[in-house]
Amino acid sequence: MPANVISGKEVSAQIRAELKDEVAKLAAKGVQPGLAVILVGNDPASHSYVKGKEKASIELDFYSEIHRLDENVSEEEVLLLIKKLNADPKIHGILVQLPLPRHISEHKVILAIDPRKDVDGFHPQNVGNMYIGLPAFLPCTPHGVIQMLKRSGVEIAGKHAVVIGRSNIVGKPMAQLLLSENATVTICHSRTKDLPSFTRQADILIPAVGRAGTVRADMVKPGAVVIDVGVNRVDGKLVGDCAFEEVSEVASMITPVPGGVGPMTITMLMYNTVESAKRHSE
Ligand code: GUN
């Protein structure tokens, strides 16, 4: 029997409906969630992601500022803008779209963001708090994956979750959030020997490497839940890291690309911005 498809669009719509209620409650107190996005340079994928964030902000009735800066802007100028946004009471969330041009230090930029406005959850203070279980902004993509699992009725506690990928944005925090949900977690990566021997043990399999065809049907345990975080362009078409058709025949649940994890990332950014606005209004 083919796998049930977990729709990121549907789970997103559910969470956005809940956020609309929260935004209305804040409006009654005279607070409008404010999100500032900084985009440097001309990377087409980054421009497209930022458009999606702007659209979602408008739909949810946020105050939204998009700062599109020239590729050659100096690091000082970016840091100065962050400083201004840190001090601006209309702004509850600041996001700097990555990657940045090489002459700008990603680390310095992330450190400059007030951790209380770091809705990406990339500041070391939020990363550290997440690791030790203190309140923190959770990084949007892994948090979105957890929401998809929970809202699809997938039990995480006690399950063996295998994450493929160890990036700071997805793989590492994904593993940590699964651990917080009491999964037994394995992280695989480019130097893992015999990847299939690990993936075949997974009750929950989360590929996040950015290479099409990384997961084939014979690498998946029958009945596993597969959440595909990969986004790859193949012959002009967006595909994930899984060979979707064949893996669907083995898994019990699977997410599509597009329409899976992608919409969740933006929704969880909106969630973090509302959380920040709530904290600032207390
Ligand atoms: N570039 C790719 N993913 C992300 C993300 O989640 N946040 C930011 N700021 N940049 C990204």
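Report note on the peptides 124-137, 254-267: ranked by the mean count of other C-beta atoms within 10 Å, highest first, their order is 254-267, 124-137.
FRET efficiency for Arg200 and Leu238, Cβ-Cβ distance as r, R0 = 35 Å, nearest 0.05? Approximately 0.85, to the nearest 0.05. Between the helical axis of 261-281 and the longest alpha-carbon principal axis of the chain there is an angle of about 40 degrees. Counting only alpha carbon atoms, the long axis of helix 75-87 and the longest principal axis of the chain meet at about 80°. In the structure shown, do any of Lys159/Lys221; Lys25/Lys117; Lys20/Lys53; Lys117/Lys237; Lys9/Lys53; Lys25/Lys53 have a Cα-Cα gap over 24 Å, and if so which? As for pairs spanning more than 24 Å Cα to Cα, those are Lys117/Lys237. Measuring how big segment 141-239 is from its alpha-carbon positions, Rg and Dmax come out at 12.8, 40 Å.
Peptides 23-34, 169-180 ranked from most to least packed give 169-180, 23-34, packing being the mean of other C-beta atoms within 10 angstrom over each peptide's residues. Extents of segment 98-182, taken as max minus min of Cα coordinates on every principal axis and listed largest first, are 43, 25, 19 Å. Sorting the Cα pairs of segment 1-134 by distance into bins of 10 Å, from 0 upward, gives 11, 35, 35, 16, 3, 0 percent per bin.
Only beta bridges with both residues in the chain are counted; by DSSP, about 10 percent of them are antiparallel. Could you check how many percent of all C-alpha pairs in the chain are farther apart than 22 Å? Tail of P(r) above 22 Å: 58 percent of Cα pairs. Of the Cα atoms belonging to segment 190-232, the radius of gyration and Dmax stand at 9.9, 27 Å. Here segment 198-282 is described by how far its Cα atoms reach on the three principal axes: 52, 32, 18 Å, from widest to narrowest. Calculated mean residue ellipticity, 222 nm, the chain: -13000 deg cm²/dmol, from DSSP H runs (n ≥ 4) at -39500 (n - 2.57) each, averaged per residue and rounded to 500. Between the helical axis of 171-180 and the longest alpha-carbon principal axis of the chain there is an angle of about 80 degrees.
Taking each residue as 0.36 nm, the span from Ser167 to Glu18 lengthens on full extension beyond its C-alpha to C-alpha distance by 50.6 nm.
Computed from the coordinates by the stated procedures, all read-outs in this text should not be read as laboratory data. Everything quoted here is computed from the prediction, not taken from an experiment. So basically every Cβ, Gly included, is an ideal-geometry build from the backbone, and we count neighbours across all protein chains shown.
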